[in-house]
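Asker: My structure is below; once you've seen it, I'll send some questions.
Since every read-out is calculated from the coordinates, none of them should be taken as a lab result. Everything quoted here is computed from the prediction, not taken from an experiment.
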Amino acid sequence: MFKFPTKEGENKMGDITLFEPGEYNFTVRSVEDKVSKSGNDMLKVALIFKQGDGVSFVDDYLVAIPSQVHKMKSFLECIGMGHIFDSGEMELEWLVGKTGNACLEQDSYVGRDGETKHKNVIAQYVQSKKDLSEDEKLFDDDMDIPF
């Protein structure tokens, strides 16, 4: 159900946090098959970043052109789906709910009201063990594994 803002300037999704530049964990909220303005196939990937009480919603566009292949591949690798890249095909629902890490930057733009606004954007997708707490690790780094 769509909810209207209760007062002017309030975001319908609650308070959005502008994260400082850095590496953060994300979850894939949704993926849509789209066509870019120049007519190329692309994916609109909606990501949610959470840290403490803060939340940031970031949309990224993965365009299917040769100069952007590295971006698609690094996205799939960072969510643990790199193995499907070489197949050339995937179902979009495979990506929803997956988690990964990305470096965020801040970008400025002029809103419809003429005011300068700021938002988070993806600088790059990264493979990282940052999302594993000590309790989530299956093995200690020093542990001898007998196989």
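Asker: With the cut-off at 16 Å, report for region 22-126 the share of all Cα pairs above it, as a whole percent. Working shown, then result.
Answerer: Values: 3302 of 5460 pairs.
Value for region 22-126: 60 percent of Cα pairs lie more than 16 Å apart.
Asker: So, one more: Tell me, what ³J(HN,Hα) does each residue in region 35-48 have, in order and in whole Hz, if you take phi through Karplus 6.51 cos²θ - 1.76 cosθ + 1.60 with θ = phi - 60° and put x for Gly and Pro?
Answerer: 10, 6, 4, 8, x, 8, 5, 7, 10, 9, 10, 9, 10, 10
Asker: Ok, one more. Quick one: 3J(HN,Hα) in Hz for region 49-66, Karplus 6.51/-1.76/1.60 with θ = phi - 60°, rounded, Gly and Pro as x.
Answerer: Listing the rounded values in order: 10, 10, 8, x, 8, x, 9, 9, 9, 10, 9, 10, 10, 9, 8, 8, 10, x Hz.
Asker: Counting only pairs 8 or more residues apart or on different chains, how many lysine pairs in region 22-126 have their Cα atoms under 24 Å apart?
Answerer: Within region 22-126, the lysine pair count is 23.
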